[in-house]
Amino acid sequence: MSRYKIAVVVGSLRKDSLNHKLADAIVKLAPPEFSFTQVQISDLPLYNQDDDANQAESVKRLKNEILDAKGILFVTPEYNRSIPGVLKNAIDHASRPYGQNVWAGKPAGIIGASIGVIGTAMAQQHLRNVLVFLDVPTLSQPEVFIHAKEGFFDKEGNIGQGSRQFLQDWMDKYVAWVKKHAD
């Protein structure tokens, strides 16, 4: 039985997204007491403070999934040197109305992949800035800025041999981070 439920928030809606593939692959490196569920963010309306008193069912579902989790794993692409709008929209919904921030205190990790050589460094930095304000203790080291190129994923969609140990080390640190903050 899983002791640590982790909500995985992927900041991409594209079906063949590198970051969806990364989210599917990285969780295979976690120990059995961890379970991971990708939360749906594609059906959220655009955040509008006028709706705070009557949140959409999709927003309520998202907030309950975050509340139910022991930790969060953000897997984000980089759009125009920042986080995708769909990810920011999800973050805003789950942090509102004021005083009802479901992210607070949830230990988080951030990873991301891109075909660009700096990976998702800028997006991750912007996301960290947002998470600090929301009181989300975020693993700071090691940082993972993945330049996804040929061989990063193997034929089965797992992390390729060249990056597996690096990402296993990251997962081990993330697991320790969640245990430290969730227990």
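The values are calculated or read from the model by the stated rules, or taken from the named source; none is laboratory data. No experiment lies behind these values; they were computed from the predicted model shown. Using ideal geometry, Cβ is built from the backbone for each residue, glycine included, and neighbour counts are taken over all protein chains shown.
One table, with the values for the structure above:
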{"quantity": "Single residue of segment 111-166 satisfying the filter (assigned to a strand (DSSP E or B) and not β-branched (Val, Ile, Thr)) that is nearest to Gly11 (Cα to Cα)", "calculated": "Gly112"}
{"quantity": "Members of segment 49-64 that are free of Cβ contacts under 8 Å to residues at least 40 places away in the same chain and surrounded by 11 or more Cβ atoms within 10 Å (Cβ to Cβ)", "calculated": "Asp51, Gln55, Ala56, Ser58, Val59, Lys60, Arg61, Leu62, Lys63, Asn64"}
{"quantity": "Selected residue (only one of Val39, Val59, Val117 is closer than 29 Å to Arg164 by Cα and over 16 Å from the mean Cα position of the chain (by Cα))", "calculated": "Val117"}
{"quantity": "Checklist (1) of a type outside the set (A, V, I, L, M); (2) closer than 30 Å to Arg61 by Cα; (3) touching a residue at least 24 places away in the same chain (Cβ under 8 Å); (4) surrounded by fewer than 17 Cβ atoms within 10 Å (Cβ to Cβ) applied to Gln168, failing item", "calculated": "(2)"}
{"quantity": "For Glu78: the one exception among (1) closer than 30 Å to Glu150 by Cα; (2) of a type outside the set (Lys, Arg); (3) at pLDDT 95 or above; (4) buried (at least 22 other Cβ atoms within 10 Å of the Cβ)", "calculated": "(3)"}
{"quantity": "Residues satisfying the stated conditions in segment 130-169, i.e. under 27 Å from Asn89 (Cα atoms) and among the hydrophobic types (A, V, I, L, M, F, W, C)", "calculated": "Val130, Leu131, Val132, Phe133, Leu134, Val136, Leu139, Val144, Phe145, Ile146, Ala148"}
{"quantity": "Filter result (more than 17 Å from Gln49 (Cα to Cα) and among the acidic types (Asp, Glu)) within segment 60-98", "calculated": "Glu65, Asp68, Glu78"}
{"quantity": "Unique match (being without any contact (Cβ under 8 Å) to a residue 24 or more places away in the chain and at positive phi) among Gly157, Gly151", "calculated": "Gly151"}
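Okay, residues lined up against (1) in contact with a His (Cβ under 6 Å, 6 or more places away or on another chain); (2) buried (at least 19 other Cβ atoms within 10 Å of the Cβ); (3) of a type outside the set (Asp, Glu); (4) under 18 Å from Val39 (Cα atoms):
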position: Asp68; (1), (2), (3), (4): no, no, no, yes
position: His93; (1), (2), (3), (4): no, yes, yes, yes
position: Ile111; (1), (2), (3), (4): no, yes, yes, yes
position: Ala121; (1), (2), (3), (4): no, no, yes, no
position: Gly151; (1), (2), (3), (4): no, no, yes, no
